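**Student:** Before we start, here is the structure in question, set down as structure tokens.
Read-outs throughout are calculated quantities, based only on the coordinates presented, and are distinct from any laboratory measurement. Please read all numbers here as calculations on a predicted model, not as lab measurements. Don't worry about glycine lacking a Cβ; one is built from the backbone with ideal geometry, like all the others, and counts go over all protein chains shown.
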């Protein structure tokens, strides 16, 4: 029995050795497309939609309707609606004007303070409307693949603007800086989202002896001022013509 096991082991080793020599002696040929690559590109049925630049903006005008929020404003309900008009000087830059109206209400937090502690922040000056000059730098033009036959064109933007905001007592200057992204549904219709840092001079809504309901009603111009830093989120629908 022991001799038989040794004989079987010798046969297996011999067969494996011959198989290895046969593989080494033969040349293996594989198609190039089946070899591993560091990156793989998507396969499109129509390559012209990938190579062509569908959205051309140089020399065109663009109008948009916008809705935005001042995300870190604790006192006022600072959602706002507005309209923007832009002139595309070339494929890299555009200049525009923004005009918007603020909501006139208070935030939920302020309403709770009024209910619990009788603090009435309607006495503080509230923002009413604003006008800004906006500069856009088109940092990157790209395409998103939705299927093998369709793509969505996109623009990544660098944003910088300056302007004035009208409060109930007076106007205050401000600047914004941030990034934006456009998604084109066609060559002239797009959805745009902006995220900006809004730095502006504004009245301080907290004033001792003026906010309690039992306090004398203060004059709007009596509130002190300071620089405010607020995150601004904006969504707009744009028409290029």
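**Student:** Cα gyration tensor of segment 171-241, axes a ≥ b ≥ c as square roots of the eigenvalues: rounded (a/c below 1.5), prolate (a/b > b/c) or oblate? Walk me through the intermediate numbers first.
**Tutor:** Working: a/c = 3.93, a/b = 3.05, b/c = 1.29.
In terms of gyration-tensor shape, prolate.
**Student:** Please state the shape class of segment 127-170: rounded when a/c is under 1.5, otherwise prolate if a/b exceeds b/c and oblate if not, all from the C-alpha gyration tensor.
**Tutor:** Prolate shape, in that a/c is at least 1.5 and a/b is the bigger ratio.
**Student:** Here is a follow-up. For segment 61-240, take the convex hull of the Cα atoms, compute a quarter of its surface area, and give me that in nm², please. Display every interim value, and only then the final one.
**Tutor:** Working: hull surface 45.0 nm².
If I average the Cα hull's projected area over directions, I get 11.3 nm².
**Student:** From the C-alpha gyration tensor of segment 95-138, pull out the three semi-axes of the equivalent ellipsoid (sqrt of 5λ each), sorted largest to smallest, in whole Å.
**Tutor:** Details: eigenvalues 229, 23, 9 Å².
Semi-axes from the Cα gyration tensor: 34, 11, 7 Å.
**Student:** Only Cα pairs under 8 Å and at least 6 apart count here; give the relative contact order of segment 61-240 as a rounded whole percent.
**Tutor:** Computed value for segment 61-240: 23 percent relative contact order.
**Student:** Here's another thing I want to ask about it. log10 I(q)/I(0), Debye, Cα-only segment 53-123, no solvent, q = 0.12, 0.16, 0.28 Å⁻¹?
**Tutor:** Rounded to two decimals, the profile gives -0.51, -0.68, -1.13.
**Student:** How high is the relative contact order of segment 100-169, in percent, counting Cα pairs under 8 Å that sit 6 or more residues apart?
**Tutor:** Relative contact order for segment 100-169 comes out at 33 percent.
**Student:** While we're here: Classify segment 107-213: rounded, prolate or oblate, from the alpha-carbon gyration tensor (a ≥ b ≥ c, eigenvalue square roots; a/c under 1.5 rounded; otherwise prolate if a/b is larger than b/c)?
**Tutor:** Prolate.
**Student:** If each residue's Cβ is checked for other Cβ atoms within 10 Å, how do 91, 73 rank with the fewest at the top?
**Tutor:** Taking fewest neighbouring Cβ atoms as first place, the list is 91, 73.
**Student:** How do 76, 241 rank when sorted from fewest to most other Cβ atoms within 10 Å of their own Cβ?
**Tutor:** Lowest to highest Cβ neighbour count: 241, 76.
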